[in-house]
Amino acid sequence: QVQLVESGGGLVQAGGSLRLSCAASGGTFSRYYMGWFRQAPGKEREFVADINPSGGNTYSADSVKGRFTISRDKAKNTVYLQIDSLNPEDTAIYYCAADPLFPRLRRGEGRYWGQGTQVTVSS
């Protein structure tokens, strides 16, 4: 199986920035589509952003477009989520997902998931 471990979450004031990391192991990283999802208390899990295996194509949800940037470092088997201009509505647990098939990943049914990292934004 593929193992995914998120890190980089924490408490930050509105307007601040964070960079989340997702370290992958146990699989061929270069063959996986990777994505970020988040779940706020009492809310359903929602799509945030994803990236194709080569790293040449990315997409982000309208709610975060212009503020969140996904990237991947093939040498480190790591996917990042750079979050800028944070607001309290971004408070959630952020999850990393991986899947060799893009449609499955995009609709939130990725084969592999990390344990999540908490992002809390104060007003």
Practice task
Report Rg (one decimal) and Dmax (nearest whole number) for segment 1-46, counting Cα atoms only, units Å.
Solution key: 13.6, 38
Problem - 1.4 Å probe accessible area per residue over segment 15-84, in Å² - result: 51 Å²
Problem - Viscosity 1.002 mPa s, 20 °C: Kirkwood-radius Stokes-Einstein D of segment 22-61 over Cα pairs, µm²/s - result: 187 µm²/s
Completion exercise
Between the alpha carbon centres of segment 50-67 and segment 72-91 the gap in Å comes to 11 Å
Handout entry: Computed FRET value (nearest 0.05) for residue 23 with residue 87, which takes r as the C-beta separation and R₀ as 25 Å
Key = 0.40
Completion exercise
Of every Cα-Cα pair in the chain, the percentage lying beyond 18 Å is 45 percent
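How much mean residue ellipticity at 222 nm does the chain get from its helices, if each DSSP H run of length 4 or more adds -39500 (n - 2.57) and you divide by all residues, to the nearest 500 deg cm²/dmol?
Calculated mean residue ellipticity at 222 nm is -1000 deg cm²/dmol.
The values are calculated or read from the model by the stated rules, or taken from the named source; none is laboratory data. The shown structure was predicted, so the numbers you read here are calculated from the model rather than taken from an experiment. In this analysis, Cβ positions are derived from the backbone assuming ideal geometry, glycine residues included, and neighbour counts consider all displayed protein chains. Just the protein is used for accessible areas: all its heavy atoms, side chains included, with ligands, DNA and RNA removed. Shrake-Rupley method; radii C 1.70, N 1.55, O 1.52, S 1.80 Å.
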